[in-house]
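Readers should treat all values here as calculations from the given coordinates under stated rules, not as data from a laboratory. Since we're looking at a predicted model, the values are computed, not measured. Don't worry about glycine lacking a Cβ; one is built from the backbone with ideal geometry, like all the others, and counts go over all protein chains shown.
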Amino acid sequence: MDIFWSAVVFLFGLVVGSFINVVVLRLNTGESIIFTFSRCFSCSKRLGAGELIPVLSFIIQRGRCRHCGSSISFQYPVVESLSGLLFFLIFLKLGYDIAGGGVFSIISSALVFLFFAVLLAAAVYDARNKMLPDIFTATLTASAAVYSLLGGVFFYDMLAGLGAFLFFALFWFVSGGKWMGFGDAKLAFGLGIFLGWPLVIVAVLLGFWIGAIWGILFLLLGKYGRKTQIPFGPFLATGAFLAFLLGKDMIAWYNHLIDFT
Ligand SMILES: [Zn+2]
C-alpha cells in the first residue's frame, strides 16, 4: 500500500511540475495561465495530449517538437522530475501523519505540499529571470502563516520569519541590492514562518553553503565571470527544503558533535 501511494504522490508531483513550468513561462507575459492551450514555442502548433505527458513525452520525442523538430528546453523534464521527487520526499517525511490526525492534519499536510510547490516555482522563476514576483512570496507567506497557526506556535514562527526578513533586508540595504534582492528578504519571511526557529537558521546556512559551492564550481568551470549575478532564491529554497527534511537530525548531530569535544 505504501509503495502504491508513494507512486501516486510521485506521479501527482510530476503533473504539478508540468503546471509549474507553465506558470513560470507564462507569468507576467499577459498570457492566461489556465485558459490557453500549450503550444510549441517555435512553430506555435497546439500540443496534443500525447505531447503533454510529464517527462515521458520529452524522452519519447527525444527532446524535439513532433511537428517542426526544434529542440525543447531541458527545463521541462528537469522541473517535472524535481517536482515529483519533492512530492515523494514530502510524503515520506509526513508519513502516516497525513491521514492519522484528522482534518487539521490533512489541511496542514496539504499546505506543506502547496508551500513547496510554490517554492519550486519561485526558485525556477528566479533562476530564469533573476527576480522573485510578489505573487510567489505572498502565497508562500500566507500559506506558511496558516500552516503555523495550525501548528500552534504562530507567535514564535512569526518572530523567526521577521528575523530572517530583517537579516536579508539588511544584506539588500547594505549592498544596494547587489548581493541580495529585496525579493530574497520577502522569500526569507515566508520560509522563516514556515520553518520556525531554529530550522530557519539551518535553511539560511545551507543556502549560503550551497550557493557558495555552486558559485565556485561554475567559476572554476568558466561558466561564470567574476561579475555574474547569481540569484539567491534557488539556493535559499534548496536550503529550506533540506532543513524541512533533515534539519532536526542535523541539529541533533551537531549537538552530539559538540558534546564530544
Ligand atoms: Zn514545433
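Within the range 30-59, how many residues turn out to be in a helix (DSSP H, G or I), loosely packed, with under 12 Cβ neighbours inside 10 Å and either touching a residue at least 24 places away in the same chain (Cβ under 8 Å) or within 16 Å of the ligand (Cβ to nearest atom) (or both)?
Residues of the range 30-59 that are in a helix (DSSP H, G or I), as a first pass: 49-51, 56-59.
After this cut, where a residue has to be loosely packed, with under 12 Cβ neighbours inside 10 Å as well, the list is 49-50, 59.
Then drop every residue that is not either touching a residue at least 24 places away in the same chain (Cβ under 8 Å) or within 16 Å of the ligand (Cβ to nearest atom) (or both), which leaves 50.
Within the range 30-59, residues that are in a helix (DSSP H, G or I), loosely packed, with under 12 Cβ neighbours inside 10 Å and either touching a residue at least 24 places away in the same chain (Cβ under 8 Å) or within 16 Å of the ligand (Cβ to nearest atom) (or both) number 1.
Take the range 181-215 and flag every residue that is farther than 24 Å from ALA145 by Cα and of a type in the set (A, V, I, L, M, F, W, C). Spell out the reasoning first.
Quick first cut of the range 181-215, residues farther than 24 Å from ALA145 by Cα only: 208-215.
Selection gives PHE208, TRP209, ILE210, ALA212, ILE213, TRP214.
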(request) Of the conditions (1) within 16 Å of the ligand (Cβ to nearest atom); (2) of a type in the set (Phe, Trp, Tyr); (3) loosely packed, with under 14 Cβ neighbours inside 10 Å; (4) outside any loop (DSSP other than H, G, I, E, B), PHE4 clears all except one; give me its number. (result) (1)
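For the range 246-261, check the following and say yes or no: at least one residue is farther than 24 Å from THR137 by Cα, surrounded by fewer than 14 Cβ atoms within 10 Å (Cβ to Cβ) and among the polar types (S, T, N, Q).
Checked the range 246-261: at least one residue is farther than 24 Å from THR137 by Cα, surrounded by fewer than 14 Cβ atoms within 10 Å (Cβ to Cβ) and among the polar types (S, T, N, Q).
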(request) Collect the residues in the range 217-257 that are without any contact (Cβ under 8 Å) to a residue 12 or more places away in the chain, of a type in the set (Gly, Ala, Ser) and outside any loop (DSSP other than H, G, I, E, B), keeping them in residue-number order. (result) ALA252
(message) Quick test for you: out of GLY69, GLY84, pick the one residue that is small (Gly, Ala, Ser), away from the ligand (no atom under 14 Å from the Cβ) and out of contact with any Pro (no Cβ under 7 Å at 6 or more places or on another chain).
(response) GLY84
